[in-house]
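Read through the structure below, which is laid out as structure tokens, and then see the notes.
What follows draws every value from the coordinates through simple rules; no lab data is involved. Predicted, not measured: the structure shown is a model, and the values here were computed from it. Glycine also receives a Cβ, built like all others from the backbone with ideal geometry; neighbour counts cover every protein chain displayed.
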Amino acid sequence: MMIRTLSAAAVLVGLSIFGVAQPAFAADASAPHETITPAFTEAIANVPGKTMTALVVDYAPGGKSTPHRHGQAFVVGYVLSGAIRSRVNDGEERVYHAGEHWTEKPGVHHTVSENASDAEPARLLAIFVADTKDKKLVTFDKK
């Protein structure tokens with residue numbers, strides 16, 4: 001119970017970065033930003049010192065995230081609805097549709113993360129596997 005409480009606190013600390021810092025570093029002030037909602041946090045029982053955290057990311061039509069990194073977390077992005085355009089590092093830009101997923105290795109630069117549609121909303125489940133002591137799941141690029 002103590003681990004779950006500490007993990008939940010870590011998510012809330014990490015989410016403050018999403019909710020407060022992200023708009024301050026927006027790449028395009030005219031584009032709508034994502035809305036991030038915590039889904040769950042669980043210590044991984046068979047991997048001591050690691051925690052799995054899931055966030056639901058909602059993009060309004062035309063919504064974008066500022067380029068960012070996820071530190072040493074391993075990330076899985078799973079599209080729940082709509083279509084998400086994504087690119088990491090200098091890789092190929094790709095559009096993922098509902099039911100598709102991608103992974104991000106620790107330390108990569110997530111240069112594009114946005115709704116692929118200007119007319120329909122999109123929703124993404126982002127799952128992070130990180131050191132339990134990591135409190136910052138995202139670092140947005142500064143202008």
Check: Which net charge results for the neighbourhood of residue 97, defined as the other residues with beta-carbon distances under 13 angstrom from its beta-carbon, given Lys and Arg at +1 and Asp and Glu at -1?
Finding: +1
Notebook entry, point to check: Under 26 Å from the Cα of residue 143, which lysines turn up, not counting those fewer than eight places away in the same chain?
Noted result: 64, 105, 135
Note to self: Can you compute the FRET efficiency between residue 119 and residue 42 using 1/(1 + (r/R0)^6), with r the Cβ-Cβ distance and R0 = 41 Å? Round to the nearest 0.05.
What the structure shows: 0.70
Notebook entry, point to check: Given a Förster distance of 22 angstrom, what is the FRET efficiency for residue 129 paired with residue 89, based on the Cβ-Cβ distance and rounded to 0.05?
Noted result: 0.70
Note to self: Let me check I've understood the local charge: for residue 130, count other residues with C-beta under 15 angstrom from its C-beta, Lys and Arg +1, Asp and Glu -1. What total comes out?
What the structure shows: +2
Check: For segment 38-54 and segment 123-140, what is the separation of their Cα centres, given in Å?
Finding: 10
